[in-house]
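Participant: Following this message is one structure expressed as structure tokens.
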Amino acid sequence: MQTKLVRHRMYWGMSWGMGLAAAWMLAGSAVAFGQSVTPSATLSSVRAGLHPTYTRLVFQLDRPAAYEWRHKEGTNEFRLTLLDTAPAPSVPSTVSIKNPHIASVTLSRSTPTSTTAVITVKTANTPLTPRLYTLDHPDRVVVDFFTAQPTAMTPATLTKTVAPRIIKTIVIDPGHGGKDPGAIGKSGLQEKEVVLDISRRLKKLLEQRGHRIIMTRSDDTFIPLSDRTQIANSRGADLFVSIHANAHPKRSTKGMQVYLLGKATDAEARATAARENGEDESQMADLDQIFNDMALDFRINHSISLAYQTHDAFLRTVGKRYTVVDLGVKRAPFYVLMKSTMPGILAEVSFISNPQEEARLKKAAYRQSIAEALARGVERYLAEAAVES
């Protein structure tokens, strides 16, 4: 049986192994002498959320707690033991979970000072890979079960358990501007003009839905990359959406892509990031190395959700009227995503270097359909996030 001990916040001044051993010895002594044992932390709720690429279980606590994770190879049961933790009276021993990948979650007091959740997954058709991490404010232990393929998200799935949410502050970042035209099409169409118009349309759509919108630029002004992220960070933004039109030396290249922060997915992703960052590709050689340990970061996980929702909305919305070449969701070390402190994506909505897509980008109807797709992606992400709030 493989065991992973991840977090130590309850045993002051000791190594993890010594602290854990001491905790168990103290618990045993208390029971032996008939003393009452009261765990420090309380498990207040267990809930699940369905995401495009993973299923999430959230164990909410009233304070930090260490935990133990076990899985016996060849079985569909996982055990999460919350140390020095007891469930609140309102938490049932069998938690009702309506989820295509989770069969059941059963809670029990495995010792007087710990609570174990037995998570039974459905493994008949979809293999699941678990990842664990912790979040604060409030304290939570989160288990993400990643699926091999994105899960289809229907409107019913997204809205059936959505509670009223606080209006989000969203930063829209039209790429380039002023002295920096961005990519230029064969007929002379400039990226900075196209993305500003799409951003204005997106702003209007999201404001109609009640969101507070901040634009990094609202006219043809050059804004340095560092200032763009400073605008988002200083205004307490919840989401960051950067809009660009791609370019490629081969004019036959076309399609849409959605990027999130991370180590470059491939050479094309690295080249795109280098172009948008305004740097030579060779100067980016070591930049994405910093992302090797970021897979469990809260911001990255939410960016994954936002990216896939936007990608899916683009295909469904723009794809109804136009033939869309799907280049997928990728990762790359974009400066504006790396320096911003909230979940974010960078959307390359079309290739302005492709004559056919350049012609489309000149039309108001095409720009509007792109804005509608981005708005739907944001709305679907917010609905999904509200399930966990």
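Participant: Using θ = phi - 60° and the Karplus form 6.51 cos²θ - 1.76 cosθ + 1.60, what ³J(HN,Hα) does each residue of the stretch 78-95 get, whole Hz, x for Gly and Pro?
Facilitator: Running phi through 6.51 cos²θ - 1.76 cosθ + 1.60 with θ = phi - 60° gives 10, 10, 10, 9, 8, 7, 6, 9, 10, x, 5, x, 7, 8, x, 6, 10, 8 Hz.
Participant: Within the stretch 165-264, report the trypsin sites (Lys or Arg not before Pro) that DSSP leaves as loop and that have at most 16 other Cβ atoms within 10 Å.
Facilitator: Passing both the DSSP loop test and the Cβ count: R165, K179, K186, R209, R235, K250, R251.
Participant: May I pose another question? Once you've got the Cα coordinates, tell me which of K179/K362; K186/K363; K250/K363; K254/K339 are over 18 Å apart.
Facilitator: Too far apart for the 18 Å limit: K179/K362; K250/K363; K254/K339.
Participant: Calculate the FRET efficiency for K250 and N76 from the Cβ-Cβ distance with a Förster distance of 56 Å, rounded to the nearest 0.05.
Facilitator: 0.75
Participant: Given a 1.4 Å probe and the protein chains all in place, what does the accessible area of Y322 round to, in Å² to the nearest 10?
Facilitator: Using a 1.4 Å probe on the heavy atoms, I get roughly 40 Å².
Participant: Mind computing the radius of gyration and Dmax over the alpha-carbon atoms of the stretch 295-389? Å is fine for both.
Facilitator: Gyration radius and largest Cα-Cα distance of the stretch 295-389: 14.3, 44 Å.
The values are calculated or read from the model by the stated rules, or taken from the named source; none is laboratory data. Bear in mind the structure is a predicted one, so any value in this text is a computation, not a measurement. As a convention, Cβ positions derive from the backbone with ideal geometry for all residues, glycine included, and neighbour counts pool all protein chains shown. Note: accessible area is taken over every heavy atom of the protein model, side chains too, but ligands, DNA and RNA are not part of it. Shrake-Rupley method; radii C 1.70, N 1.55, O 1.52, S 1.80 Å.
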